[in-house]
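Remarks on the structure that follows.
The values are calculated or read from the model by the stated rules, or taken from the named source; none is laboratory data. Quick caveat: nothing in here was measured; it's all calculated off a predicted structure. Reconstructed Cβ throughout: ideal geometry from the backbone, glycine too, with neighbour counts over all protein chains shown. Ligands, DNA and RNA are excluded from the accessible area calculation, which covers all protein heavy atoms including side chains. Shrake-Rupley method; radii C 1.70, N 1.55, O 1.52, S 1.80 Å.
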Amino acid sequence: MAAGYLEILRARHAARLLAGTLVGRLPNATAAIALVLFVRAEGGTYGLAGALAAVYGVANAVGQPVLGRLVDLYGQPRVQLPAAVMSALAMTVFAFSGTAALPLACAAVAAAGLFTPPLEGGLRALWPSVLRREEQVHTAYAMDAVAQEVMFTVGPLLVTLCVSLWSERAALLVLNALGVLGALCVVLSPPSRAWRSAPREAHWLGALRSPGLLVLLGAFLFVGIALGSITVASVPYADEHGGDAVYGWLMAALGLGALIGGTVYGARAWSGPPERRLRVLVALLAVCYLPLTLMPGAVAMVLLSMVSGVFLAPCIACAFIIVDRHAPSGTVTEAFSWLVTTFTVGASVGTGLAGPVVQAGGALWGYAVPGAAGAVSLLVLLATGRVLAAPVRSGVVAASSENDPNRAAEPRFSSGDRA
């Protein structure tokens with residue numbers, strides 16, 4: 001199993017790009033917990049902390065596809081690094097101004113979220129130029145999904161470590177400084193500097209003019225809802241079965257399941273259309289959410305939580321392949337950024353939706369939400385099977401294409417005969 005991953009990491013520039021992207025995304029991965037701890041240290045309420053975290057999340061959701069389109073138009077170094085610096089500077093302003101001047105705090109947090117560089121989408125656009133075989137790219141997508149689970153586990157630990165060693169303000173400053181260093185590591189690499197998006201037809205919708213991409217985003221909105229609702233539904237269950245420690249184990253088990261599933265999924269080559277495989281994976285994801293409604297004892301519930309996460313990373317990795325197949329020419333970074341945004345918005349909607357449901361029916365009803373959301377995601381994929389079955393082809397780009405006057409070929413397998 002490890003041989004395929006080691007082969008990728010041994011490829012020139014691969015380890016650097018993966019590590020740089022993960023480090024560069026630390027500010028985004030830890031923003032919620034870092035903001036909450038800092039606001040509480042400043043004497044603010046949990047309501048204020050939650051509101052600022054929401055401001056950051058909304059701004060980030062807006063900024064990712066916008067910056068992704070700019071990357072497709074102007075290249076990675078000219079967008080990623082300035083965006084990372086501006087995001088870090090905005091968070092620095094917030095760290096030193098605090099919450100005393102609320103309008104300034106909101107503006108600084110919003111700017112930090114808005115200018116978060118789309119490193120995640122940028123990395124997936126780079127994989128085809130770094131890894132020359134299509135099956136290696138598919139394995140890299142799975143490894144990417146697994147690495148995200150590791151980052152979202154390690155990131156909060158880094159926040160608490162910085163707080164214990166220094167302070168909440170230092171945590172904000174250190175993590176955002178690391179984010180700039182990570183972005184710098186990526187954009188100074190030869191693949192990032194050499195990468196150019198394919199010529200693109202001028203169109204205000206950009207990547208969203210692809211029907212297949214719209215279908216995928218609709219399906220993954222509900223996958224995000226499922227994941228977001230579990231985090232809320234687990235709170236009342238944990239309160240009745242041991243408190244915060246149990247809640248921590250439930251969330252850790254969810255991440256561990258995704259890590260295991262993604263690792264196993266990426267260790268083998270899969271045949272057949274990825275669109276058909278995604279339907280199977282989403283069906284399995286929805287089915288694995290259903291046993292959570294049994295709500296057994298804490299140990300058994302931890303195991304069920306781990307099982308419920310097994311197919312999450314494979315679904316995400318398979319979605320990466322489909323995004324590349326359906327993104328219109330010259331919009332691959334923007335398309336990947338839209339997937340990130342949709343998943344983030346879905347998780348936020350799931351969190352907000354599960355709250356009233358839990359209030360009305362307790363943990364049982366709360367755990368019914370992810371299963372229902374997974375089923376709706378599957379229905380979206382089944383109802384639009386013909387749309388997903390017709391990937392976008394390169395076609396002829398208008399003479400007035402927006403970028404790349406040299407008509408460089410975008411290094412993506414879906415644009416050639418190997419699709």
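Among the criteria (1) touching a residue at least 12 places away in the same chain (Cβ under 8 Å); (2) open to solvent by 10 Å² or more (accessible area, probe 1.4 Å), the one residue 70 does not fulfil is (1). If the condition is being more than 8 Å from residue 286 (Cβ to Cβ) and touching a residue at least 24 places away in the same chain (Cβ under 8 Å), then segment 374-384 contributes 376, 380, 381, 382, 384. Every test in (1) over 27 Å from residue 28 (Cβ atoms); (2) touching a Phe, Trp or Tyr at 6+ places or on another chain (Cβ under 7 Å); (3) of a type outside the set (S, T, N, Q) is passed by residue 346 save one, and that test is (1). Among the candidates 133, 124, the residue that is surrounded by fewer than 16 Cβ atoms within 10 Å (Cβ to Cβ) and more than 30 Å from residue 248 (Cβ to Cβ) is uniquely 133. Of note, residue 272 does not satisfy the criterion of being of a type in the set (Gly, Ala, Ser), within 27 Å of residue 378 (Cβ to Cβ), touching a residue at least 60 places away in the same chain (Cβ under 8 Å) and open to solvent by less than 60 Å² (accessible area, probe 1.4 Å). The residues on offer are 93, 137, 109, 130, and the sole one that is on the phi < 0 side of the Ramachandran plot, aliphatic (A, V, I, L, M) and touching a His at 6+ places or on another chain (Cβ under 9 Å) is 130. Scan segment 333-345 for residues that are modelled with pLDDT of 90 or more and open to solvent by less than 40 Å² (accessible area, probe 1.4 Å) and the total you get is 8. Please find, within segment 358-397, the residue that is modelled with the highest pLDDT out of those that are hydroxyl-bearing (Ser, Thr, Tyr) and over 26 Å from residue 302 (Cβ atoms). Restricting to residues being hydroxyl-bearing (Ser, Thr, Tyr) and over 26 Å from residue 302 (Cβ atoms), the top hit is 384.
Screening the candidates 130, 186, 154 for the property of being hydrophobic (A, V, I, L, M, F, W, C), touching a Leu at 6+ places or on another chain (Cβ under 8 Å) and either modelled with pLDDT under 95 or more than 15 Å from residue 24 (Cα to Cα) (or both) yields one hit, 130.
Here 265, 237, 289 are screened, and the one residue that is more than 25 Å from residue 339 (Cβ to Cβ) and crowded, with 22+ Cβ neighbours inside 10 Å is 237. Residues of segment 188-207 include at least one that is outside any helix (DSSP H, G or I), within 20 Å of residue 17 (Cα to Cα) and open to solvent by 10 Å² or more (accessible area, probe 1.4 Å). Scanning segment 346-368 for residues that are open to solvent by less than 20 Å² (accessible area, probe 1.4 Å) and closer than 14 Å to residue 234 by Cβ turns up 350, 354, 363, 366, 367.
Considering segment 13-52, the qualifying helices (runs of 4 or more DSSP H), each wholly inside and each with 3 or more residues that are among the hydrophobic types (A, V, I, L, M, F, W, C) and crowded, with 19+ Cβ neighbours inside 10 Å, run over 14-24, 31-41. With the checklist (1) surrounded by fewer than 23 Cβ atoms within 10 Å (Cβ to Cβ); (2) touching a helix residue (DSSP H, G or I) at 6+ places or on another chain (Cβ under 7 Å); (3) among the hydrophobic types (A, V, I, L, M, F, W, C) in hand, flag the one item residue 89 doesn't pass. So residue 89 meets the others, but not (2). Among all positions in segment 106-126, there is at least one residue which is free of Cβ contacts under 8 Å to residues at least 40 places away in the same chain and hydrophobic (A, V, I, L, M, F, W, C).
Looking only at segment 106-119, decide whether some residue is aliphatic (A, V, I, L, M), out of contact with any strand residue (DSSP E or B) (no Cβ under 8 Å at 6 or more places or on another chain), modelled with pLDDT under 90 and open to solvent by 10 Å² or more (accessible area, probe 1.4 Å).
Residues of segment 106-119 that are aliphatic (A, V, I, L, M), as a first pass: 107-112, 114, 119.
Applying the additional criterion that residues be out of contact with any strand residue (DSSP E or B) (no Cβ under 8 Å at 6 or more places or on another chain) yields 107-112, 114, 119.
This time we only want the ones that are modelled with pLDDT under 90, so: none.
There is no residue in segment 106-119 that is aliphatic (A, V, I, L, M), out of contact with any strand residue (DSSP E or B) (no Cβ under 8 Å at 6 or more places or on another chain), modelled with pLDDT under 90 and open to solvent by 10 Å² or more (accessible area, probe 1.4 Å).
Residues in segment 90-99 include none that are closer than 30 Å to residue 6 by Cβ, out of contact with any strand residue (DSSP E or B) (no Cβ under 6 Å at 6 or more places or on another chain) and modelled with pLDDT of 90 or more.
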